[in-house]
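Below: the structure, in structure tokens.
The values are calculated or read from the model by the stated rules, or taken from the named source; none is laboratory data. Treat the numbers as computed from the prediction; the structure is a model and nothing was measured. For neighbour counting, all protein chains shown are included, and Cβ atoms are generated from backbone atoms with ideal geometry for every residue, glycine included.
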Amino acid sequence: MNRIKLLLCSDSPVYTQSLSIAFAERYVFNVVDNVSSTHLINAALRYQPDVVLWRIDDLNEGGSIAELKSKCPLLMLVLIVEDPNKFNLFQLLSLGIRGCLPMRLLPAQIISSVELIVNAGILCLPRLGNEQLNTVMGLNPALDFNSLTMREREILSLLGNNCTNQEMAAALDLSESTIKSHLSNIFRKLKVRNRTEARRVISDHK
């Protein structure tokens with residue numbers, strides 16, 4: 001069984017050291033190094049890790065993330081942040097981030113999440129709340145979309161951003177058949193016949 005090469009990154013050496021000890025106790029992981037954000041890209045090029053676990057405060061590091069992904073396109077990037085719900089789901093997706101985990105998680109929970117991301121191929125990303133959803137979609141909060149479930153709102157939001165069924169399924173960890181079923185319900189509730197008309201509803205109510 002091949003071990004998962006893991007590169008830890010944080011500007012707090014104490015934090016990464018504690019995580020390193022926890023990951024080292026799991027044979028499945030091989031922690032190749034603990035580095036600061038300024039040395040991350042060079043370390044990633046040197047070690048070619050499977051996963052980078054990065055403690056980050058905000059996405060002002062977006063340029064560094066994009067550069068990291070361009071130079072090491074196959075690595076899986078997982079962020080540890082104070083509050084994942086403050087982050088824009090679509091920005092995370094566009095940057096190729098596979099996980100955005102809260103700092104409050106215990107090391108064992110972080111390890112389990114990383115294992116799921118690597119072995120099951122799931123995305124551990126924040127869900128959209130009502131306020132965030134309206135902001136991302138540009139919808140007037142006064143509009144009555146109450147007939148839509150939260151999941152349907154998420155899918156409608158992805159649809160408004162021109163995501164394919166496959167991309168929606170990957171983003172929400174659902175099957176494509178489930179996405180199609182949700183889309184049918186959305187079309188029925190919005191009284192539209194297809195994706196184009198659904199996007200028009202979004203556009204008309206911005």
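Only one residue in LEU101, LEU74, LEU106 is within 14 Å of SER10 (Cβ to Cβ) and not charged (D, E, K, R). Which one?
LEU101
List pairs: first residue in the stretch 173-190 and over 30 Å from ASN119 (Cα atoms), second residue small (Gly, Ala, Ser) and loosely packed, with under 15 Cβ neighbours inside 10 Å anywhere in the structure, Cβ distance under 8 angstrom, at least six positions apart or on different chains.
Pairs found: LYS189/SER147.
Give me the residue from the stretch 73-111 that is within 20 Å of LEU172 (Cβ to Cβ) and small (Gly, Ala, Ser) and, out of that set, surrounded by the fewest Cβ atoms within 10 Å (Cβ to Cβ).
Per the stated criteria, the residue is SER94.
In the stretch 1-16, which residues are modelled with pLDDT of 85 or more, farther than 14 Å from ILE110 by Cβ and of a type in the set (S, T, N, Q)?
SER12
Matching residues to (1) of a type in the set (Gly, Ala, Ser); (2) at pLDDT 85 or above:
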residue	(1), (2)
ILE97	no, yes
PRO107	no, yes
THR135	no, no
SER147	yes, no
GLU154	no, no
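Hey, does the stretch 7-20 have a residue that's farther than 16 Å from VAL81 by Cβ and in contact with a Pro (Cβ under 8 Å, 6 or more places away or on another chain)?
yes
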